[in-house]
Amino acid sequence: MPPSPPPLAPSAAALVLAAGNSSRLGHSKQLLVYQGETLLHRAVRTALAAGYAPVVVVTGALDAELRHAVADLPCQTVHNPNWAAGMGASIRAGLAALGPAATAVLVLSSDQPLVTAAQLAALAQHQQATGAPAVAAAYANAFGIPALFTGSALADLHNLRPEQGAKPLLARYGPALALVPMPDAAFDVDTPAAYQDLQNR
């Protein structure tokens, strides 16, 4: 496992979404192993290495197994019993765990294992440089999470309906949305073929 880069102190919290049941994959993608660690462990470690704190993991379909997977890392886990309602329900559960002290929040998935700490830190650095309320990863002619929310965008995130995801919210901002090129975020592990591709890299 390569050493983690030094913390870059973006002064923001992070939510790692790990509530899904991986229906397309057939088993828990959060617990798949890549380079000696589970995908969930890798996501949390990467967020911590980038300087995000606190880091909250939102569990759902699985809970105890995921808590165990990150027990050695300084993160908080929160179970969302309403995980099947959609991503918005998990985001809101994570935000509730963070509380009002969090004024900037990174939202990331546990299934984008190629994203690096430097890339996550770049989102916060870009927000600080531009003052944009939301900064998203740009990849494959699209944009989405990982994404950082602050100010009015963070308020909107708190008001997500359970069935809503982050991407439609980001799309609402139009020119106010700042983008950071992150081609590695295009790769996610949603199918057995994708996991095999990951292992072959």
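Taking the stated definitions as given, is Pro2 closer than 22 Å to Ala134 by Cβ, modelled with pLDDT under 95 and in a loop (DSSP other than H, G, I, E, B)? No: the conditions fail for Pro2.
Sort out which residues of region 74-85 are in a loop (DSSP other than H, G, I, E, B) and under 11 Å from Leu17 (Cα atoms), and write them in order of number. Selection gives Asn80 alone. The requirement of being under 14 Å from the mean Cα position of the chain (by Cα) and either outside any strand (DSSP E or B) or polar (S, T, N, Q) (or both) is fulfilled nowhere in region 63-73; no residue meets it. Given the condition at pLDDT 95 or above, touching a strand residue (DSSP E or B) at 6+ places or on another chain (Cβ under 8 Å) and small (Gly, Ala, Ser), answer yes or no: does some residue in region 28-48 qualify? The answer is yes, given that some residue of region 28-48 is at pLDDT 95 or above, touching a strand residue (DSSP E or B) at 6+ places or on another chain (Cβ under 8 Å) and small (Gly, Ala, Ser). Selection of region 52-69 for residues being free of Cβ contacts under 8 Å to residues at least 12 places away in the same chain and either among the aliphatic types (A, V, I, L, M) or touching a Leu at 6+ places or on another chain (Cβ under 7 Å) (or both) yields only Ala64.
Go through region 89-103 and give me each residue that's closer than 13 Å to Leu154 by Cα and assigned to a helix (DSSP H, G or I).
Ile91, Arg92, Gly94, Leu95, Ala96, Leu98, listed by residue number.
The single condition among (1) surrounded by fewer than 21 Cβ atoms within 10 Å (Cβ to Cβ); (2) under 16 Å from the mean Cα position of the chain (by Cα); (3) small (Gly, Ala, Ser); (4) modelled with pLDDT under 95 that Ala101 does not satisfy is (2). Asn82 meets each of the listed conditions (1) in contact (Cβ under 8 Å) with a residue 40 or more places away in the chain; (2) more than 21 Å from Leu148 (Cβ to Cβ); (3) surrounded by 17 or more Cβ atoms within 10 Å (Cβ to Cβ); (4) not aromatic (Phe, Trp, Tyr) apart from (3).
The values are calculated or read from the model by the stated rules, or taken from the named source; none is laboratory data. Note that the structure is a prediction, hence the values are computed from the model and not measured. A quick note on method: Cβ atoms are made from the backbone with ideal geometry, for glycine too, and the neighbour counts reach across all protein chains shown.
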